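Everything on this sheet refers to the single structure shown next.
The values are calculated or read from the model by the stated rules, or taken from the named source; none is laboratory data. All values derive from a computational prediction rather than experimental measurement. Virtual Cβ from ideal backbone geometry, glycine too; neighbours counted across all protein chains shown.
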Amino acid sequence: MRTLLDLVLPAECGGCGVQGTQWCERCRRSLADAPIAVTPRVDPGVPVWALGPYSGPRRRAVIAAKERGRRDLAVPLGAALAGAIGVLRQWGELGPEGSSRLCLVPAPTRARAARARGGDPVLRAVRAAASGLEADCRVWPVLSMRRGVRDSVGLSAAQRQDNIGGRIVLERSWSRMPDPGRRRNEVVLVDDVVTTGATSAESVRVLRSAGARVAAVIVVAAA
Ligand SMILES: [Zn+2]
């Protein structure tokens, strides 16, 4: 089976480039470190947690998943996000398992960019994370970005806020989510990278204005 997989999957660690494995034990351990609290310039109004800084295996894996078609990396990234959620529960930052229904909302991505990449790597990682959590954990892909949002590379915090303000919207699928505004649902926004916090802040604002109880933002890496 391993030989067969080697034929179709890249045999290079997506976190460090070591040959012979898609994700090595060292990178797995590196991403399993306790999450770190982040204070982005634009405050989303809820705690923001990252698996670590935007460097090393986190940076490499995010780029490979986003730009090099490494869909397989959703599995280790999802596992690391699920692990971070477990730690945050132990710390009391999230309600203990069973106290509420955990609802993971992938941060929106520019639709055209996601299509060009052959899908949304954040959504994929969130689905992988949910599969490693309790059975009633839900994935809510309910946020999308309107047209007109520019690529944010090189923009300042104020420019990013201006770029994103009013352009994140709830999709119609929101109304199909089971009691989306119920207190029993604990919503966590998930993204790959937080930079200025503008996207997270606008996403949290939109979710809250729809009645969602947003508990935290969790990202793979903090730039
Ligand atoms: Zn590695």
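Among the residues of segment 67-88, those identified as farther than 18 Å from A34 by Cβ and either buried (at least 24 other Cβ atoms within 10 Å of the Cβ) or in contact (Cβ under 8 Å) with a residue 24 or more places away in the chain (or both) are E67, G69, R70, R71, D72, L73, A74, V75. Checking the stated criteria, L73 turns out not to satisfy the condition of being at pLDDT 95 or above and more than 16 Å from the ligand (Cβ to nearest atom).
Screening Q161 on (1) closer than 19 Å to R41 by Cα; (2) in a helix (DSSP H, G or I); (3) in contact with a Ser or Thr (Cβ under 7 Å, 6 or more places away or on another chain) shows it passes everything except condition (3). Of all the criteria given as (1) over 19 Å from the mean Cα position of the chain (by Cα); (2) modelled with pLDDT of 95 or more, the one not satisfied by R150 is (2).
The C-beta contact set for segment 128-153 (first residue of a type in the set (G, A, S), second residue surrounded by fewer than 18 Cβ atoms within 10 Å (Cβ to Cβ) and modelled with pLDDT under 75, distance under 9 angstrom, 6+ apart or interchain) comprises S144/A111. In the set L5, L9, only one residue is more than 16 Å from the ligand (Cβ to nearest atom) and at pLDDT below 95; that residue is L5.
Selection over segment 203-218 of residues that are modelled with pLDDT of 95 or more and touching a helix residue (DSSP H, G or I) at 6+ places or on another chain (Cβ under 8 Å) gives a count of 4.
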